[in-house]
Each structure stands twice: as structure tokens, then as C-alpha cells.
Amino acid sequence: MSTIFSGLKDALKRYFSSTSPYEQSVEEFIKELQRSLIRSDVNVKLVLELSSRIKKRALEEKPPQGVSRRDWFVKIVYEELVALLGGEEEPEVIPKKRPYVMMLVGVQGSGKTTTAAKLANYYKKRKMKVGLVAADTYRPGAYAQLKQLSEKVGCLFYGEEGEKDPVGISLRGVKSLAEQGADIIIIDTAGRHGYGGEAELIEEMKEIEHAVKPDEVVMVLDASLGQKASEIAKRFNEATPIGSIIVTKMDGTAKGGGALSAVAMTGAKIKFIGTGERIDEIEPFRPKNFVSRILGFGDVEGLIERLRSLDLEEEDLQKQAEEMLQKGLNMKLLYKQMRQLRKMGPLSKVLKMVPGLSMTLPDDKELEKIGEDKFDRWLSIINSMTYEELEKPELIEKEKSRMRRIAIGSGTSTEDVKELLVYYEGTKRMLKQIKRRKSVLKKLEKGGELF
Ligand SMILES: Nc1nc2c(ncn2[C@@H]2O[C@H](COP(=O)(O)OP(=O)(O)OP(=O)(O)O)[C@@H](O)[C@H]2O)c(=O)[nH]1
Ligand SMILES: [Mg+2]
């Protein structure tokens with residue numbers, strides 16, 4: 001994806017090393033930002049609005065104590081770019097309902113079939129049983145293409161070679177795959193060329209949608225459409241409300257920035273982006289990560305992190321951390337923490353906000369290793385617990401039926417539930433340890449002797 005918003009990293013480097021006065025460096029950076037966005041096919045009006053907002057903020061905002069205006073400016077740029085690409089919110093990619101039926105739609109060659117396989121692979125890796133339905137009866141070879149891909153992924157497949165009725169195939173496919181225990185069913189539909197073809201395609205899409213009533217209609221868009229992507233998304237959306245959007249081929253075009261921003265403008269949700277031809281080249285679209293990457297990981301990420309953490313309501317966090325230390329851990333607190341952690345990083349960071357703790361804290365390496373998917377699963381597990389279980393998680397381990405109920409309710413496995421309980425116990429132990437160290441520290445502070 002190096003081509004998208006190219007030049008921004010360098011522009012930022014120049015900004016940092018510039019010896020010109022602040023106002024002038026800002027001016028220079030904004031010029032390059034505009035050039036870079038327009039090269040990525042972001043709508044010119046959007047670019048002008050964005051740059052005047054950045055400039056205004058850069059001149060008016062007063063950074064908090066200890067932060068230079070130069071650094072603060074980077075935070076402003078970061079925030080405005082995130083807003084341009086859809087805001088802070090992150091897509092929910094793990095469905096709550098099983099089986100969950102997704103129907104992929106899009107014009108010819110947009111990447112539907114490839115994306116269907118990528119999604120199957122993505123969800124399979126997350127321990128879900130996935131099935132693909134070959135409902136493209138239009139393009140010769142579509143059946144074989146999807147069948148082959150499903151073998152590669154190792155997921156269920158439903159197709160009827162030679163059958164011409166996509167509605168019938170979809171209905172029978174969903175039924176059959178559901179009976180085989182699929183958690184996620186993905187319907188690959190046909191594409192058509194050009195404007196006339198599009199009307200036909202939309203008709204077919206409506207028919208399938210009407211008959212199958214999928215849980216989510218997913219529009220697949222080619223990033224090289226640039227800002228034109230939103231027009232197509234709008235036309236499709238008029239026919240059948242689009243639940244989410246996947247932008248493909250982000251790797252192959254400079255225009256992806258235009259596609260992303262144009263789609264974000266319409267308020268539609270971009271769920272995934274495709275970043276290559278291989279089946280593992282797909283990722284949930286997270287504007288924040290995306291922008292950090294664009295601005296240069298190593299160079300500015302640390303800075304942005306640091307500045308971003310200034311935004312957090314420190315007092316609230318401090319209170320929570322103190323509460324954990326005083327009352328000990330329960331699931332509700334852990335839940336609160338985990339949600340916060342998704343925003344700001346590992347638990348150790350939160351705990352470091354407790355005065356006097358930072359130096360004594362063990363490195364929370366374990367937690368840092370936990371991926372976001374696991375976090376998502378754990379959050380839904382905690383969501384499925386009863387009030388009693390939240391207060392006394394020990395109950396879950398004692399009664400296997402509780403564990404099963406929670407696993408089913410949260411769409412996870414009993415292994416996941418067990419894993420969370422182990423993590424919970426570990427955190428609890430760590431807190432106890434910290435508490436002990438804290439009282440030792442207090443003694444020291446008071447000038448007491450330890451031994
Ligand atoms: N570089 C790159 N190529 C992609 C990506 N996604 C799909 N492609 C390629 O785009 C081409 C078309 O992909 P398909 O998945 O067949 O597209 P489709 O929408 O199913 O096409 P029709 O069924 O004909 O409508 C293939 O050559 C894919 O390898 C991507 O994220 N990056
Ligand atoms: Mg196809």
C-alpha cells in the first residue's frame with residue numbers, strides 16, 4: 001500500500017527537520033499534504049476543507065504543557081486524516097449471530113470471488129466454520145474458480161454446476177451449509193460489465209437478497225475507482241441497503257485514498273481492505289492504524305501514541321486502577337480495563353498512572369501479545385456472563401454447563417472461555433503482587449526499615 005498517500009512520510013520528515021519558523025513549516029507541510037491527497041484521488045473540495053481545518057487548528061490550538069507546537073501539529077494532522085477516512089470507530093468483524101450469511105455484490109472484476117475466499121480464510125483462522133456458495137451463474141468458470149479456492153482455504157463449498165438460477169442456488173446453498181454446521185456462509189454473486197449490465201446485476205442482486213435475506217450485504221469495490229467508488233456504492237445502496245464495504249486492490253493503485261475517503265463521506269462502513277492477490281491479504285480497516293502507517297510507523301508512531309495518551313481522562317483511569325488495587329479484581333473491572341486497553345495499550349500502562357507504581361511494575365508482556373481478535377472474543381465472552389458469574393468467575397470453572405452456555409452465547413469455544421479465566425487469574429495474581437510491592441514502597445517512603 002505504499003503508493004497511497006505517497007510522499008506524506010517524507011513530507012513529515014522534512015517538517016520535523018525544518019528550521020523555518022513554525023507557521024512556515026506548517027504551511028509547507030500542508031501544501032505537500034494537499035498534493036499527496038489529490039494524487040491519491042481524494043476529492044479536491046474535501047482536500048481544501050481538510051487543509052483549512054488543519055491550518056486553523058494549527059494556529060489556534062494551544063498544546064498542553066510539555067508538548068511543543070511542532071509535535072502537537074502532528075497530532076492534528078493525524079486526527080484529521082483519521083476523520084477523513086471514517087473516524088475512530090473500528091469495524092465489528094466477528095458476527096454475533098450464527099449462522100451468519102454474507103452476500104458479496106459488486107461490479108465485474110471488483111474482486112468478489114477472491115474476497116469471498118479471503119473472508120473464508122480469515123474466519124476459518126478464527127476458529128469458525130465457513131461455507132462458500134457459488135451463485136455466479138453468469139461467468140463461465142465461476143463455479144470452478146470458487147470451488148478451487150474453497151479447497152485451498154479448506155472450507156465448505158456449495159455449488160450446482162450448470163444450474164442457471166442464482167436465487168435457487170443461494171437458497172439451497174445457505175440451507176445445506178447451515179445444516180452442515182457453518183457459522184459463516186458467504187455467497188459469491190455475479191458481476192456485470194458497464195452501465196446496462198449494472199442494471200441487470202442490480203436486479204439479480206435484489207432478487208437474491210429478497211429470497212435469501214442475508215444478514216449482511218457486502219459491497220466489494222475496487223480501490224482504483226478512486227473517488228468514483230462512492231457513486232457506485234450509492235447506486236447499489238439504493239437497490240439494497242449495503243451493510244458494509246470491502247475495498248480491494250489497495251496494493252495496486254495510488255487512488256485508494258480517494259476510494260476510502262469518498263466511501264467514508266457517504267457514511268458507509270468500510271469493513272475490510274484487500275491488499276493483494278493472496279488469500280491472506282485482507283485486513284479489517286482501522287483508520288487509526290492505517291493513518292499511523294501512512295505517516296510512518298517508526299518515525300511518528302511513538303510520538304502520536306504519546307500525544308494521544310494525553311487525551312485520555314487520566315483521572316478516571318487512575319480511579320479505576322486504584323479501585324482494582326483496593327478491591328481486587330472482578331470480571332466487570334477486567335471488562336472495563338480490556339475495553340480501555342483496546343484504546344490505549346497494555347494494562348501496565350494504565351497501572352503506571354497510579355502514583356508511585358511505575359518503577360515497580362512488571363512488564364506486562366503477556367498482555368501485549370494478545371491480539372485484537374482475542375480481545376474481541378473475550379469481550380463477548382464477558383458479555384455472555386450472568387451478573388453472578390461476573391462477580392464470581394470461579395463458578396464457571398466449577399460448573400461445566402456454565403462454561404458451555406457462555407461459549408455458545410458468545411459464539412466462542414469453551415477453550416476460549418478457559419483461556420480468559422486463566423488470564424483473569426493471572427492478572428489477579430499480578431495485582432496482588434503489585435499491592436504487596438506498593439505497601440513495601442509506602443514503608444520505605446515513610447523511612448521505615450524493611451528488614
Ligand atoms: N492486487 C490485487 N488483486 C486483487 C485483489 N483482489 C482481487 N484481485 C484480483 O482481481 C482480479 C478479479 O478478481 P475476482 O475475485 O475474480 O473478481 P470478481 O469480482 O469475482 O469478478 P467477476 O466474478 O468476474 O465479477 C483477479 O485477478 C484477482 O486476483 C487485491 O486485493 N489485490
Ligand atoms: Mg467472481
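Data table
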{"item": "Residue, surrounded by the fewest Cβ atoms within 10 Å (Cβ to Cβ), within the stretch 35-68, restricted to residues that are of a type in the set (Ser, Thr, Tyr) and farther than 16 Å from Thr253 by Cα", "result": "Ser68"}
{"item": "Test: residue in the stretch 183-193 that is within 16 Å of ligand 1 (Cβ to nearest atom), of a type in the set (S, T, N, Q), modelled with pLDDT under 90 and in a loop (DSSP other than H, G, I, E, B)", "result": "no"}
{"item": "Tabulated pairs, the stretch 213-224, first under 17 Å from Ala190 (Cα atoms), second at pLDDT 95 or above and more than 15 Å from ligand 1 (Cβ to nearest atom), C-beta under 6 angstrom, 6+ apart or interchain", "result": "Pro214/Val101"}
{"item": "Where Glu200 falls short, out of the listed (1) surrounded by fewer than 23 Cβ atoms within 10 Å (Cβ to Cβ); (2) in a helix (DSSP H, G or I); (3) away from ligand 1 (no atom under 16 Å from the Cβ)", "result": "(3)"}
{"item": "Of all residues making up the stretch 138-151, the number that are at pLDDT 95 or above and either in a loop (DSSP other than H, G, I, E, B) or more than 15 Å from ligand 2 (Cβ to nearest atom) (or both)", "result": "1"}
{"item": "Of the criteria (1) part of a strand (DSSP E or B); (2) within 16 Å of ligand 2 (Cβ to nearest atom); (3) under 22 Å from the mean Cα position of the chain (by Cα), which one Val101 fails", "result": "(2)"}
{"item": "Yes/no for Lys164 being exposed (fewer than 15 other Cβ atoms within 10 Å of the Cβ), in contact (Cβ under 8 Å) with a residue 12 or more places away in the chain and within 16 Å of ligand 1 (Cβ to nearest atom)", "result": "yes"}
{"item": "Inter-residue pairs, beta-carbon under 6 Å, first under 24 Å from Gly257 (Cα atoms) and part of a helix (DSSP H, G or I) and in the stretch 8-20, second modelled with pLDDT under 90 and not aliphatic (A, V, I, L, M), 6+ apart", "result": "Lys9/Gly296"}
{"item": "Residues located in the stretch 187-239, provided they are touching an Asp or Glu at 6+ places or on another chain (Cβ under 8 Å) and under 25 Å from Ser150 (Cβ atoms)", "result": "Asp188, Thr189, Ala190, Gly191, Arg192, Val217"}
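Residues checked against (1) under 23 Å from Gly276 (Cβ atoms); (2) hydrophobic (A, V, I, L, M, F, W, C); (3) within 16 Å of ligand 2 (Cβ to nearest atom):
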{"position": "Ile54", "(1), (2), (3)": "no, yes, no"}
{"position": "Val105", "(1), (2), (3)": "yes, yes, yes"}
{"position": "Val133", "(1), (2), (3)": "no, yes, yes"}
{"position": "Gly159", "(1), (2), (3)": "no, no, yes"}
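The values are calculated or read from the model by the stated rules, or taken from the named source; none is laboratory data. Fair warning: this is a prediction, and the values are worked out from it, not measured in the lab. Using ideal geometry, Cβ is built from the backbone for each residue, glycine included, and neighbour counts are taken over all protein chains shown.
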